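Novice: Here's a structure for you.
The values are calculated or read from the model by the stated rules, or taken from the named source; none is laboratory data. What you see is a predicted model, and the numbers here were worked out from it, not measured in a lab. Quick reminder, even Gly has a Cβ in these numbers, built from the backbone with ideal geometry, and neighbours come from all protein chains shown.
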Amino acid sequence: MNQASTVEIWRRLLDPAKSWVLFAHGTCVILMEPADDLTQQATTLLREYGPVHPGTPAGDFDVIDLEDASGWAVTGHHPDILTYVDPSESENHDDLAVGILGRAKRDRDGHELTVLHVEDKRSL
């Protein structure tokens, strides 16, 4: 998946009035109460809630089958952090395999914290 297509998928999936930040491995942080610096706000959230810690809520996930795009969104222990998994990323499309992949992608994003895109929907 390339950056432009991932951005378009998140635009299709999310409330058009919400601000959000996309990270390098497909993790999206939705900013319910946007601050002055969206990148910093999202990075702070992902630094805390992105890394996986097995045996804790940080290792939990749920898989959402998407209706408006092919693939899945994988949730974690923060309701506003979701990771997109494209069907091409895994041969096995059962919820466990997709969830583990999405969780691993969130973990990488939570450690690397590389921002690809900021969608600023605040009123100016």
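Novice: Looking at (1) part of a loop (DSSP other than H, G, I, E, B); (2) without any contact (Cβ under 8 Å) to a residue 60 or more places away in the chain; (3) under 14 Å from the mean Cα position of the chain (by Cα), which is the only condition residue 103 fails?
Specialist: (1)
Novice: Going through 42, 35, 104 one at a time, which residue ends up being of a type in the set (A, V, I, L, M, F, W, C) and over 22 Å from residue 5 (Cα atoms)? Give the derivation first.
Specialist: Working: 42 fails: over 22 Å from residue 5 (Cα atoms); 104 fails: over 22 Å from residue 5 (Cα atoms).
Criteria check complete, one pass: 35.
Novice: Is it the case that residue 7 is touching a helix residue (DSSP H, G or I) at 6+ places or on another chain (Cβ under 7 Å) and under 24 Å from residue 122 (Cα atoms)?
Specialist: So residue 7 does not fit the description; no.
Novice: Still on this structure: Applying the selection to segment 61-86, what residues are out of contact with any Asp or Glu (no Cβ under 9 Å at 6 or more places or on another chain) and surrounded by fewer than 13 Cβ atoms within 10 Å (Cβ to Cβ)?
Specialist: Residues satisfying the conditions are 67, 68, 79.
Novice: I've got another one for you. Any chance segment 46-61 includes a residue that's out of contact with any helix residue (DSSP H, G or I) (no Cβ under 8 Å at 6 or more places or on another chain) and of a type in the set (Lys, Arg)?
Specialist: No.
Novice: Residue 116 - would you say it is of a type outside the set (Val, Ile, Thr), in contact with a Leu (Cβ under 7 Å, 6 or more places away or on another chain) and under 23 Å from residue 8 (Cβ atoms)? Walk me through it before giving the result.
Specialist: Values: of a type outside the set (Val, Ile, Thr): yes; in contact with a Leu (Cβ under 7 Å, 6 or more places away or on another chain): yes; under 23 Å from residue 8 (Cβ atoms): yes.
Considered against the rule, which asks whether it is of a type outside the set (Val, Ile, Thr), in contact with a Leu (Cβ under 7 Å, 6 or more places away or on another chain) and under 23 Å from residue 8 (Cβ atoms), residue 116 comes out as yes.
Novice: Exactly one condition in (1) more than 17 Å from residue 110 (Cβ to Cβ); (2) over 12 Å from the mean Cα position of the chain (by Cα); (3) at pLDDT 95 or above is false for residue 10; which is it?
Specialist: Looking at each condition in turn, residue 10 falls short on (2).
Novice: Something else about it: Mind checking whether some residue in segment 106-115 is part of a loop (DSSP other than H, G, I, E, B) and either touching a residue at least 24 places away in the same chain (Cβ under 8 Å) or not hydrophobic (A, V, I, L, M, F, W, C) (or both)? Explain how you work it out, then say what you get.
Specialist: Filtering segment 106-115 down to residues part of a loop (DSSP other than H, G, I, E, B) leaves 113-114.
Subset that is either touching a residue at least 24 places away in the same chain (Cβ under 8 Å) or not hydrophobic (A, V, I, L, M, F, W, C) (or both): 113-114.
So far as segment 106-115 goes, yes, one or more of its residues are part of a loop (DSSP other than H, G, I, E, B) and either touching a residue at least 24 places away in the same chain (Cβ under 8 Å) or not hydrophobic (A, V, I, L, M, F, W, C) (or both).
Novice: Go through segment 51-94 and give me each residue that's touching a residue at least 60 places away in the same chain (Cβ under 8 Å) and outside any loop (DSSP other than H, G, I, E, B). Steps first, please.
Specialist: Within segment 51-94, the subset touching a residue at least 60 places away in the same chain (Cβ under 8 Å) is 51, 69, 71, 73, 84, 86, 88-89.
Matches in segment 51-94: 73, 84, 88, 89.
Residues are listed down the side, and each one gets a yes or a no for (1) over 18 Å from residue 100 (Cβ atoms); (2) touching a Gly at 6+ places or on another chain (Cβ under 8 Å); (3) not β-branched (Val, Ile, Thr):
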residue	(1), (2), (3)
5	yes, no, yes
21	yes, no, no
45	yes, no, yes
62	no, yes, yes
65	no, no, yes
72	no, yes, yes
